[in-house]
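The structure under discussion appears below in the form of structure tokens.
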Amino acid sequence: MIHEVQASPRARRREANLERILETALDVVAREGLEGLQMARLAAAVDYTPGALYRYVESKDALVALLVTRTLGQVEAALGAAEAGVPARATPLTRVAALVAAYRGFVRGAPHRFGLLAIAMAEPRILVGDGDHMRATAAAVVAAMTPLAAALDAAVAGE
């Protein structure tokens, strides 16, 4: 018998607090752009001191990276679900259409999250300067977009 390890109450509270911080940060970005996302203001918005906020995220770079990677993980999940629903015998263009429809569904269903991605991709300056966070964000982009890239490659190749 496999037993699922349950998170402690403290770990569940920490995760809930982190989710509240991330949702508040996402709301700030949706209203004010990345320029409006300031750690002191975010701390006040979630009723923490700035020092307490830094126990959850180590820097603004870490916060932006976490927001983007989590959002890309949601995109990846949406595309993965769409791909799983495409019959094996479907044409490559059918697969592309299903993935594009899933992406459009994500955009419609999570406009703030899509807005974050749009801002992050359109910004001419480097948003995440820390190397570890930059690599994690880049890996999330690749993971999220790989199903679509593979489907487009297959469609071009006429497979």
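Mind checking Rg over Rh on the chain, alpha carbons, Kirkwood formula for Rh?
1.05
A155 versus A101, label points 7 Å from Cα toward the beta carbon: distance in nm?
About 1.3 nm separates the two model spin labels.
Report Rg (one decimal) and Dmax (nearest whole number) for the stretch 32-87, counting Cα atoms only, units Å.
Spelled out, the Cα radius of gyration and Dmax of the stretch 32-87 are 15.9, 52 Å.
Using DSSP to define loop residues, name the trypsin sites (Lys or Arg not before Pro) in the stretch 57-146 whose beta-carbon has at most 14 other beta-carbon atoms within 10 Å.
Listed in order of number, the matching sites are R89, R125.
Would you work out which of S8, A97, P147 lies farthest towards the positive end of the dipole of the chain, given +1 charges on the beta-carbon of Lys and Arg and -1 on that of Asp and Glu, about the Cα centre?
About the Cα centre, the residue reaching furthest to the positive side is S8.
Taking 2.2 N^0.38 Å as the expected size of a compact globular protein, what ratio does the Cα radius of gyration of the stretch 49-119 give against it, to two decimals? Can you show the working numbers first?
Values: Rg = 16.4 Å, N = 71, 2.2 N^0.38 = 11.1 Å.
In units of the globular-protein estimate, the stretch 49-119 measures up at 1.48.
Explain nothing, just compute: Karplus ³J(HN,Hα) = 6.51 cos²θ - 1.76 cosθ + 1.60, θ = phi - 60°, for every residue of the stretch 135-143 in order, whole Hz, x for Gly and Pro.
Calculated HN-Hα couplings, in order: 5, 5, 5, 4, 5, 5, 4, 4, 4 Hz.
Probe radius 1.4 Å, ligands and nucleic acids ignored: give me the carbon and sulfur share of the accessible area of the chain as a rounded percent. The partial results should precede the final answer.
Details: 5700 of 9510 Å².
That share works out to 60 percent.
Report the label-to-label distance for D47 and R89 in nanometres (one decimal), using points 7 Å from each Cα along the Cα→Cβ vector.
5.9
Nearest 0.05, what FRET efficiency do A16 and A138 give at R0 = 30 Å with Cβ-Cβ as r?
On the way: r = 29 Å, r/R0 = 0.95.
Efficiency, from the Cβ-Cβ distance: 0.55.
So, with +1 on the Cβ of K and R and -1 on the Cβ of D and E, and no other charges, what is the size of the charge dipole of the chain about its Cα centre, to the nearest 20 debye?
Details: 17 positive and 17 negative charges, 66 e Å.
Approximately 320 debye in magnitude.
Taking the Cα centroid of the stretch 9-53 and of the stretch 62-116, what is the distance between the two, rounded to the nearest whole Å?
What the calculation gives is 25 Å, centre to centre.
Grab the alpha carbons of the stretch 65-159, take their convex hull, and tell me the volume per residue in Å³.
Details: hull volume 9.2 nm³, N = 95.
Normalising the Cα hull of the stretch 65-159 by residue number yields 97 Å³.
The values are calculated or read from the model by the stated rules, or taken from the named source; none is laboratory data. This is a predicted model, so every value here is computed, not measured. Please note: Cβ atoms are built from the backbone with ideal geometry, for glycine as well, and neighbour counts cover all protein chains shown. In case anyone asks, the SASA skips ligands and DNA or RNA and just uses the protein heavy atoms, side chains included. Shrake-Rupley method; radii C 1.70, N 1.55, O 1.52, S 1.80 Å.
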